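Only one structure is covered here, and it is reproduced in the block below.
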Amino acid sequence: MNVPLQRRFETMAVLWFTTAIAIFLSIFWFLCAIPLFWPILIPYLIYILRATVHEDGSPTYTRSNFMRRLPVFKFYKNYFPLSLHRTVPLDASKNYIFGYHPHGIISHGAFGSFAVEEDSQGGAFARLFPGIRNTLLTLDSNFRIPGYREYLLSLGLASVSRRSCENILRGINSPIARPNPPTSGRFNIRSILLAPLTFPVHVLTTIGILRPSYPVHTQANPAPELNGRAITIVIGGAAESLYAHPGTLNLILHRRRGFLKLALRENALLVPVLGFGENDIYEQLTPSKGSIIHKIQQAVKRAVGFTMPLFHARGVFNYDVGVLPYRRDINVVVGKPVGLPGQGEEGGHREATDDEVRELMDLYIAELKRMWDAHKDEFAKNRKEGPEGEMVLLE
């Protein structure tokens with residue numbers, strides 16, 4: 001087939017993202033079969049079971065501009081292609097919680113918009129929202145996968161646990177004085193050669209044997225700039241992936257109250273985000289409720305926190321079946337920040353009342369609906385006809 005080389009690179013980039021967990025696990029089990037590596041693997045396993053860097057509020061330390069700006073991620077974003085759109089500028093003197101919808105099968109839109117950068121200037125997010133440092137959050141269990149956790153930490157991802165969210169928004173353990181790596185956008189050979197030496201130092205620092213050479217900020221020694229911080233949460237979670245069908249937008253939202261309480265408690269504004277096209281890049285088979293397959297999916301979700309939808313799209317060398325997503329546009333629209341009167345201003349931390357949570361939920365849903373109505377004719381042209389093709393809040 002006469003396929004341009006750039007499109008082949010784009011396919012390989014998306015293949016890497018889609019199969020990264022399987023690749024890291026395969027390498028790990030292969031090394032486990034070689035006794036020579038056991039003296040390294042056993043301490044490493046103990047380390048990843050005890051390590052808390054993914055939820056201690058230090059994404060700045062684990063984030064690597066070199067990794068986030070690798071050329072592979074530019075190919076990744078161009079595959080669909082994936083675009084980020086701004087509704088209004090955001091005040092960098094405030095903190096924010098971005099709520100991404102929908103989850104889709106693998107949340108390609110969230111990863112491409114908030115975890116990687118396609119150029120040396122910080123990518124589309126840095127250009128649209130200067131002064132905001134955003135951290136994409138994912139399941140805590142992802143940071144227990146050997147090798148894969150280091151990959152996620154290098155990209156600046158953190159755990160979606162309550163502790164992690166609070167620490168990031170409060171600036172706890174943020175090493176702000178750590179100098180940024182080179183931003184030329186070129187491969188940093190020095191970083192690659194020094195990686196075997198710097199990783200053990202990082203491990204010893206994490207478990208407390210060595211002291212960091214940068215200022216660590218705690219509750220008693222807070223970071224001087226506590227604003228301009230943001231976290232991105234995929235609100236619907238694994239349960240929502242089972243409703244990811246092309247031409248539809250079915251959201252699980254009413255039962256999700258934790259992010260609302262977090263926003264009120266931390267004086268952070270909520271920013272709804274809609275990923276138009278996220279549900280269109282995979283086809284999914286839906287087993288009937290009560291069937292064996294459906295029961296297995298629910299059991300897996302209860303056991304590990306996520307489930308595996310029966311999805312398919314295209315392959316590497318064919319366009320009929322495989323695990324790669326279809327080449328369909330993903331347009332990620334960032335909406336207007338919402339909050340109650342006084343929310344987002346300077347103040348202490350407090351617990352929210354039920355009435356405040358309900359009021360904030362109403363404001364959040366209203367902004368989501370406004371975004372959908374404003375952009376659906378432009379970015380969701382292939383949605384299903386009738387009510388089935390509209391935004392539906394399932395639960």
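Things worth noting here:
- Extension gain for the segment I40 to L310, taken as residue separation times 0.36 nm less the Cα-Cα distance, is 93.5 nm to one decimal.
- Cubic angstrom per residue, convex hull over Cα atoms of region 236-395: 153
- Kirkwood estimate for region 319-385, i.e. one over the average of 1/r between Cα atoms, Å: 15.6
- Near L136, the amide H atoms lying under 5 Å from its own belong to A158, T232; only residues 5 or more places off or on other chains count, and H is placed 1.01 Å from N.
- Reducing region 82-112 and region 307-379 to their Cα centroids gives an inter-centroid distance of 7 Å.
- Mean accessible surface per residue for region 285-357, computed with a 1.4 Å probe while every protein chain stays in place, in Å²: 61
- Compared with the direct C-alpha span, the chain from Q298 to F317 gains 3.6 nm at full extension, assuming 0.36 nm per residue.
- Our coupling estimate for region 114-124, obtained by passing each phi through the Karplus curve with A = 6.51, B = -1.76, C = 1.60 and θ = phi - 60°, is 10, 10, 10, 10, 8, 8, 6, 8, x, x, 4 Hz, Gly and Pro reported as x.
- Inter-probe distance in nm under a simple model that places probes 7 Å from Cα toward Cβ, at Y47 and R144: 1.9
- For a label point 7 Å along the Cα-to-beta-carbon line of Y326, residues of region 370-392 with backbone N under 18 Å: 377-386, 388-390
- Accessible solvent surface per residue of region 1-130, calculated while the other protein chains remain in place, 1.4 angstrom probe, Å²: 45
- Each residue of region 322-339 was assigned a 3J(HN,Hα) from its phi angle through the Karplus curve 6.51 cos²θ - 1.76 cosθ + 1.60 (θ = phi - 60°); the sequence is x, 9, 7, x, 5, 7, 10, 4, 10, 10, 9, 9, 9, x, 7, x, 10, x Hz, with glycine and proline shown as x.
- Estimated translational diffusion coefficient (Stokes-Einstein, Kirkwood radius over Cα pairs, 20 °C, 1.002 mPa s) of region 113-172: 170 µm² per second.
- Note on K369 and D91: the extension gain reaches 97.8 nm, defined as 0.36 nm multiplied by sequence separation minus the Cα-Cα distance.
- One quarter of the surface of the convex hull around the alpha-carbon atoms of region 92-147 equals 5.2 nm², the direction-averaged projected area.
- Whether region 1-95 is rounded, prolate or oblate, judged on the alpha carbon gyration tensor where a/c under 1.5 counts as rounded: oblate
- Rolling a 1.4 angstrom probe over region 309-395 with all protein chains present gives an accessible area of which 50% lies on carbon and sulfur atoms.
- In the context of the full protein assembly, M371 retains an accessible surface of approximately 0 Å², using a probe radius of 1.4 Å and ignoring ligands and nucleic acids.
- Values of log10 I(q)/I(0), in the order q = 0.21, 0.29 Å⁻¹, for region 36-90 under a Debye, Cα-only, solvent-free model: -0.95, -1.02
- Scalar couplings 3J(HN,Hα) for region 15-30, obtained by applying the Karplus form with A = 6.51, B = -1.76, C = 1.60 to θ = phi - 60°, are 4, 4, 4, 5, 10, 4, 4, 5, 5, 5, 5, 5, 4, 4, 5, 5 Hz; x denotes Gly and Pro.
- Restricting the calculation to alpha carbons of region 56-135 gives Rg and Dmax of 12.9, 35 angstrom.
- Rounded percent of accessible protein surface that carbon and sulfur make up, region 1-41, 1.4 Å probe: 77
- In this label model, E351 and A20 are separated by 3.7 nm, measuring between points 7 Å along each Cα→Cβ vector.
The values are calculated or read from the model by the stated rules, or taken from the named source; none is laboratory data. Being a predicted model, the structure only gives us computed values, none of them experimental. With ideal geometry, Cβ positions are generated from the backbone for all residues, glycine too; neighbour counts draw on all protein chains shown. With ligands, DNA and RNA removed, areas are computed over all heavy atoms of the protein, side chains included. Shrake-Rupley method; radii C 1.70, N 1.55, O 1.52, S 1.80 Å.
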